[in-house]
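Peer 1: The following block contains the structure, expressed as structure tokens.
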Amino acid sequence: MAPERSGNGGVQSLQRAFELLERLADAGGEASLSELATSSGLPMPTIHRLIRTLVALGYVRQNTNRRYALGARLIRLGENASLQFGTWARPLLAELVDEVGETANLAVLERDEVVYVSQVPSKHSMRMFTEVGRRLLPHGTGVGKAILAELPPDEVRALLARTGMPSYTEHTHTDVEKFLRHLAKIAKQGYALDESEQELGVRCLAVPVAGAPTPAAVSVSGPEGRLTKEAVTRIAPVVQRIAAALSEQLSTRDLSA
């Protein structure tokens, strides 16, 4: 029997399966069948059939509480897609380094952590270095704060409840409500600053990338003595322009190519 086609020419069951994965992600990674039925609008028999298939393939797992969660097999796909995104964005990061003279980074939000997926180092002998693949909690980083400032406050609260807000330095934000007010200011000004919140003596300026396949931000980082507050005023528009260029190219580029 031929697969059922959707109105746009795709395979309907495949579209519905991916919709359920998206609904699980929107629910924080875990949901019951009834919650999936409510959020997706799909009939319960259809959800049963699709979930059984996704569980068998390892893309969904059933927890002991009988709720369903995103499966471990998705991790490899997500990590490889993020790294490919970082490789593609590298020329724009290099352009950013040429213009501002400091190390440029691209990071994405994965499983409640920010993951650095690309970096172009500064040409200065004293420069910042973060390993590609490094994972950090978002509340203590410029890229993390830029990303969180774009999310609804309830989603940020839920994330912080899962991760906690450990202090990396004396400057790290550790109060949820004060942090949410801080994020509102970031959203208004269009960029985030990490001022010795992850590492003493280091300043980072980060801007979210609209339209990224997963929440993302681009940043420049350097020693406070060079990346001064006056320099931030000059550099911020450059980082915003590069973030906008990334966003624009995302809208026209096939990242799988």
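The values are calculated or read from the model by the stated rules, or taken from the named source; none is laboratory data. All of these numbers come straight from a predicted model, not from anything done at the bench. Here the Cβ positions follow ideal geometry from the backbone for every residue, glycine too, while neighbour counts run over all protein chains shown.
Peer 1: Given the residues 202, 207, which is the only one that is surrounded by 16 or more Cβ atoms within 10 Å (Cβ to Cβ), in contact (Cβ under 8 Å) with a residue 60 or more places away in the chain and under 19 Å from residue 187 (Cβ atoms)?
Peer 2: Going through 202, 207 in turn, the sole match is 207.
Peer 1: Test residue 198 against the criterion of being of a type outside the set (A, V, I, L, M) and part of a helix (DSSP H, G or I), and give yes or no.
Peer 2: So residue 198 fails the test.
Peer 1: For region 159-194, give me the residue count where each residue is outside any loop (DSSP other than H, G, I, E, B) and free of Cβ contacts under 8 Å to residues at least 24 places away in the same chain.
Peer 2: 9
Peer 1: Okay, next question. Look at residue 192 and say whether it is within 16 Å of the chain's Cα centre (by Cα) and farther than 21 Å from residue 100 by Cα.
Peer 2: Considered against the rule, which asks whether it is within 16 Å of the chain's Cα centre (by Cα) and farther than 21 Å from residue 100 by Cα, residue 192 comes out as no.
Peer 1: Restricting attention to region 131-156, which residues are over 10 Å from the mean Cα position of the chain (by Cα), assigned to a helix (DSSP H, G or I) and over 16 Å from residue 203 (Cα atoms)?
Peer 2: 153, 154, 155, 156
So that you can scan it fast, the table gives a plain yes or no per residue for (1) among the polar types (S, T, N, Q); (2) surrounded by 17 or more Cβ atoms within 10 Å (Cβ to Cβ); (3) in contact with a Leu (Cβ under 7 Å, 6 or more places away or on another chain); (4) modelled with pLDDT of 90 or more:
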| residue | (1), (2), (3), (4) |
| --- | --- |
| 84 | yes, no, yes, no |
| 87 | yes, no, no, no |
| 96 | no, yes, no, yes |
| 105 | yes, yes, no, yes |
| 114 | no, yes, yes, yes |
| 118 | yes, yes, yes, no |
| 121 | no, no, no, no |
| 126 | no, no, no, no |
| 129 | no, no, no, no |
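One line per residue, one yes/no per condition, for (1) touching an Asp or Glu at 6+ places or on another chain (Cβ under 7 Å); (2) closer than 22 Å to residue 147 by Cα; (3) at pLDDT below 80:
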{"position": "7", "(1), (2), (3)": "no, no, yes"}
{"position": "23", "(1), (2), (3)": "no, yes, no"}
{"position": "28", "(1), (2), (3)": "no, yes, yes"}
{"position": "47", "(1), (2), (3)": "no, no, no"}
{"position": "61", "(1), (2), (3)": "no, no, no"}
{"position": "73", "(1), (2), (3)": "no, no, yes"}
{"position": "99", "(1), (2), (3)": "no, no, no"}
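Peer 1: Please indicate, with yes or no, whether at least one residue in region 221-231 is assigned to a strand (DSSP E or B), surrounded by 18 or more Cβ atoms within 10 Å (Cβ to Cβ) and either of a type in the set (S, T, N, Q) or touching a helix residue (DSSP H, G or I) at 6+ places or on another chain (Cβ under 6 Å) (or both).
Peer 2: Within region 221-231, one or more residues are assigned to a strand (DSSP E or B), surrounded by 18 or more Cβ atoms within 10 Å (Cβ to Cβ) and either of a type in the set (S, T, N, Q) or touching a helix residue (DSSP H, G or I) at 6+ places or on another chain (Cβ under 6 Å) (or both).
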